[in-house]
Amino acid sequence: MDEISRFVIQVRKLLNLNQEDFGERFGASKQNVSGWENGRHQPPIKALIAMHNMARGKAQIPGLENFVPVENEVQMIPVIDYVQAGMMTEVADPYSLGDGMETIPVEGRFSGRTFALKIRGESMFPEFKEGDVVVIDPSITPRPGDFVVAKNSTNEATFKKYRPRGMNDQFQMVFELHPINQDFPVMRSDIEQLEIIGVMVEHHRKFRQK
């Protein structure tokens, strides 16, 4: 076992996660994490940076003990539920929706209101499986074909593909929300109350169900 392996194990145990749940945070399988911990191969550098951030100073990347990551290169964002997501247009910061939220690392420079949702149900199967995590940035304006989160009249969110259909008589954009699974209905903003919350910027696939 090398120093990187010990670092991975240390971070995983600090977070009190099993190998499968730990790997899910990096788009990796349980087998990938096992390989990291056994020294068969090493995590990508961005995964190591994310682990460094997640450890919050309690573990250091071997050989880079004085390492300070570039600001915003890896962000820790909250994973919220579908009801909380429905409230996103009413708050300035997703963390204000609740304390003690689970967080995940994301790569890139996204807005401070970026959040994540775990997919539920089968309306977006097979491209999105139940348990997958999607990262949503509310600062982005949707374009045709984007995957978006929208809220309905009961303030609960839904995740679908966005298709604009032109302006209505009040010069408001009419749009449809399409499921991938054709067993589920299309939603239309001129038939039911719908409001776009944000656009998907990352998809973290769950490799298998527990």
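The values are calculated or read from the model by the stated rules, or taken from the named source; none is laboratory data. Just so it is clear, the model here is predicted, and its values are computed rather than measured. Cβ: placed from backbone, ideal geometry, glycine included. Neighbour counts: every protein chain shown. For accessibility, only protein heavy atoms count, side chains too; no ligands or nucleic acids. Shrake-Rupley method; radii C 1.70, N 1.55, O 1.52, S 1.80 Å.
At least 3 residues being modelled with pLDDT of 85 or more and under 17 Å from the mean Cα position of the chain (by Cα) is the threshold, and among the strands (runs of 3 or more DSSP E) wholly inside segment 16-118 those reaching it are 115-118.
In segment 1-15, the qualifying residues are those that are assigned to a helix (DSSP H, G or I) and of a type outside the set (A, V, I, L, M, F, W, C), and the one that is least open to solvent (accessible area, probe 1.4 Å) is Ser5. Within segment 203-210, the presence of a residue that is closer than 19 Å to Thr141 by Cβ, surrounded by 10 or more Cβ atoms within 10 Å (Cβ to Cβ) and in contact with a strand residue (DSSP E or B) (Cβ under 6 Å, 6 or more places away or on another chain) is excluded. Which of the residues that make up segment 88-112 are open to solvent by 70 Å² or more (accessible area, probe 1.4 Å) and in contact (Cβ under 8 Å) with a residue 40 or more places away in the chain? Within segment 88-112, just Glu107 meets the criteria.
When segment 133-151 is filtered for residues that are of a type in the set (D, E, K, R) and either at pLDDT below 90 or not in a loop (DSSP other than H, G, I, E, B) (or both), the ones remaining, listed by number, are Asp137, Lys151. Across segment 152-172, which residue is most open to solvent (accessible area, probe 1.4 Å) among those that are modelled with pLDDT of 90 or more and over 17 Å from the mean Cα position of the chain (by Cα)? Here the residue is Arg165.
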